[in-house]
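So the structure is just underneath, and the comments pick up after that.
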Amino acid sequence: MVATLRTFHNGFANTGSVSDTNAGQPLSSVSLLLGSGGDRRIWSDAATGRNRYGTLTKPASDEISFSSTTASNVSADGYAAADRALKRLVGTDAVTPIPYDEWFDDVRDGVRRSLAVADAEVILAASGTDAEILALSLVAGLSARPITNIFIAPDETGNGIPLAAAGRHFSDLTALGRAVDNGELLEGLSAGRIEVRTVPIRNETGAQRTREAIDYAVAELAEQELRRGHDVLVHVLDTSKTGLEGVSREAARQLAAAAPGRVRILIDACQLRCPISQLRQDLKDGFLVAVTGSKLAGGPPFSGALLIPAVIADELAQCRNIPAGLAEYTAAQDWPASLRQRTDFGFKSEMNIGLSLRWVAALANLAPYAAVHEMFQAQIKQHFVDAVIARVTDIKGIALHPDDEGAYLASRGIVPLTVLGGSGGFASFDEAQVDQVALRSAAGGPICHIGQAVRIGPRVALRVGASATDIAGVAARMASGQSLQDAFKPIEADLDTVFAKWSGIRRHPGSA
């Protein structure tokens, strides 16, 4: 089959026959495509080759990364996998191209295999925020009533989530290169159709709320909205930017069981830090699950997916009311044929190659991690958190705040570190972000990446997080006979480098 490729690099189409690409250079470089099919945040700067997160779309073995809570450079294994995948799509002298629909199916199959969710349907989405607008649109297509979207901790999820949760454009340009009006409703959603209610996971001082208090608040809101004649979409925040959970699975199951078809549950597992077995249980429970390959998995930023349980997939196959505006965010080949061919949804784009290549790169990291027994994953995460905390006292003006302590840190492999200002009070967001940017400069030592600043009540934290490649690497060394302590030494050496550079930045602000 000779297919016609329509590749979209942020809105610019390049159309050609797959078989014609052998005559000269490939359709585009892997690096270029890994930075395409996303919004401005992942566009590479012409001078530095870096996007707004400071990361690259080519391997950088000399850089240290503990920034999997935000964004990572593409790994060498991920880049090689993406290169092989692109050659399978466009063909080379040694490789015969395959049909593009088969190629996209292979990417979705890779997500299913790595997560062991064979019964789920997978729709690819450019980011976690795109997955939110996708999930909301699907629920809107299944419901004839107004919808109340209850989401958790707006300060500790994606910046665009509040708008996406309301069914509104969250930028002026979508990942498919479509110019839209920021803040406007998606076509097909009428004013008042979607209402948003939020539930915080911390109080005004930044202290954690109890799980019981969050569950009660969400249940009360859901019951109130059902009495108003609204259907309800409840978010379960599996892992926030600082590692917290919001809404228990037990409460979610009770809410869904109390009003079948009227209360839908979306698990926000975009950090992908819970045990993978939990995601399989979520799908068995009939919950939608949003994941990304660009957080714990360490793939290039902007690789999301919505996992759809069989029971909802059967409903969607008969759905005829999906808002037309969703076509600004999703391409036909993002969807499996089983859903794409059984709905009358009008796609405007055929494919997003950049998104799929980013997933290929992420899966190269995720598959080895998924093969590690969950007990060993937990041990390694605990060791990582202990190693980070042991080094915090070496840096003036950086501390693990008492409100951020707890066993949940080790379960997620994220350590939020509060930044203090020169006067001893809490640093501002901009002051904290100066540290993060200085760490990833070439001055004062190797380029080091940590997670971006996040507001926690009156304070701001920077985050140090373990990635799938960190955990799988330690596990591989243990499998070869090393003790956990010995297997962890390369990670500890990198942590020493990061904290030494960070200490220098704090002693001599502005020197970077």
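One quarter of the convex hull surface, Cα atoms only: what value does that give for the range 274-414 in nm²?
About 11.6 nm², averaged over all directions.
Residues with beta-carbon under 11 Å from that of residue 76, excluding residue 76: net charge, scoring Lys, Arg +1 and Asp, Glu -1? Intermediate values should be presented prior to the final figure.
Numbers: positive: 58; negative: 77, 83.
Local charge sum for residue 76: -1.
Quick check: residue separation of residue 314 and residue 373 times 0.36 nm, minus the Cα distance between them. What number comes out in nm? Show your work: numbers first, answer last.
Working: separation 59, 0.36 × 59 = 21.24 nm, distance 3.26 nm.
In short, 18.0 nm is gained.
Taking only C-alpha pairs under 8 Å that are 6+ residues apart, what is the relative contact order of the chain in percent?
Relative CO of the chain lands at 19 percent.
Which value, in Å to one decimal place, does the Kirkwood hydrodynamic radius take for the range 249-334 when every pair of different Cα atoms is included?
14.4 Å
Suppose R0 equals 60 Å; then what is the FRET efficiency for residue 29 and residue 227 from their Cβ-Cβ distance, rounded to the nearest 0.05?
With a Förster radius of 60 Å, E is 0.60.
Rg and Dmax in Å for the range 82-197, alpha carbons only: what are they?
17.9, 56
Return P(r) of the range 178-334 (all Cα-Cα pairs; 5 Å bins starting at 0; whole %; ordered from short to long distances).
2, 7, 14, 18, 20, 19, 13, 5, 1, 0
Two-decimal Rg/Rh of the range 448-488 from alpha-carbon positions, Kirkwood Rh?
1.24
Could you tell me what a quarter of the Cα convex hull surface of the range 262-307 works out to, in nm² with one decimal place?
3.2 nm²
Could you put 241, 284, 295 in order, starting from the residue whose Cβ has the fewest other Cβ atoms within 10 Å?
So the residues, fewest neighbours to most, are 284, 241, 295.
Taking 0.36 nm per intervening residue step and subtracting the Cα-Cα distance, what contour gain separates residue 187 from residue 106 on full extension?
Length gained, residue 187 through residue 106: 26.0 nm.
With each run of n ≥ 4 DSSP H residues scored as -39500 (n - 2.57), what mean residue ellipticity at 222 nm is computed for the chain after dividing by its residue count and rounding to the nearest 500 deg cm²/dmol? Spell out each step's value before the answer.
Working: 17 runs with 191 residues, N = 512.
Helix-only estimate at 222 nm: -11500 deg cm²/dmol.
Considering only DSSP beta bridges whose two residues both sit in the range 107-363, what percent are antiparallel, to the nearest 5?
The answer is about 40 percent antiparallel.
Of the peptides 161-169, 494-502, 260-268, how do they stack up when ordered by the mean number of other Cβ atoms within 10 Å, highest first? Walk me through the numbers on the way to the answer.
Numbers: 161-169: 23.0, 494-502: 19.1, 260-268: 20.8.
Most protected by this proxy first, the peptides run 161-169, 260-268, 494-502.
May I ask you to evaluate 6.51 cos²θ - 1.76 cosθ + 1.60, the Karplus curve with θ = phi - 60°, for each residue of the range 300-307 and list the ³J(HN,Hα) values in order in whole Hz, giving x for glycine and proline?
x, x, 6, 9, x, 7, 10, 8
Once the piece of chain linking residue 250 and residue 428 is laid out straight, how much longer is it, given 0.36 nm per residue of separation minus the C-alpha distance between them?
Additional length available on full extension: 60.4 nm.
Using C-alpha positions alone, give me the convex hull volume of the range 120-250 per residue in cubic angstrom.
128 Å³
To check you understand DSSP bridge types, tell me what percent of the beta bridges within the chain (both residues inside) are antiparallel, rounded to 5.
Values: 32 of 56 bridges.
If we restrict to bridges inside the chain, about 55 percent are antiparallel.
Estimate the FRET efficiency between residue 496 and residue 45 by the formula 1/(1 + (r/R0)^6), using the beta-carbon distance for r and 25 Å for R0, to the nearest 0.05.
Approximately 0.25, to the nearest 0.05.
Please report, in Å, the Rg and the Dmax of the range 372-507, where both are computed over Cα atoms only.
Values for the range 372-507 (Cα only, Rg and Dmax): 15.3, 49 Å.
Indicate the helices, whole DSSP H runs only, in the chain that combine a mean Kyte-Doolittle hydropathy of -1.0 or more with a Cα extent along their long axis of 15 angstrom or more.
On the way: long enough: 76-90 (21 Å, -0.05); 100-115 (23 Å, -1.21); 128-142 (21 Å, 1.33); 211-227 (24 Å, -0.46); 353-370 (24 Å, 1.11); 374-392 (27 Å, 0.28); 429-439 (16 Å, 0.10); 468-479 (16 Å, 0.88); 489-507 (27 Å, -0.44).
Qualifying helices: 76-90, 128-142, 211-227, 353-370, 374-392, 429-439, 468-479, 489-507.
So if we plug the beta-carbon distance of residue 390 and residue 258 into 1/(1 + (r/R0)^6) with R0 = 51 Å, what FRET efficiency do we get, rounded to 0.05?
That pair, residue 390 with residue 258, gives E of 0.65.
Quick note: the coordinates plus some simple rules give every number you see, no bench work behind them. Computed from a predicted structure; not experimentally measured. Cβ sites come from the backbone with ideal geometry, for glycine too, and all protein chains shown count toward neighbours.
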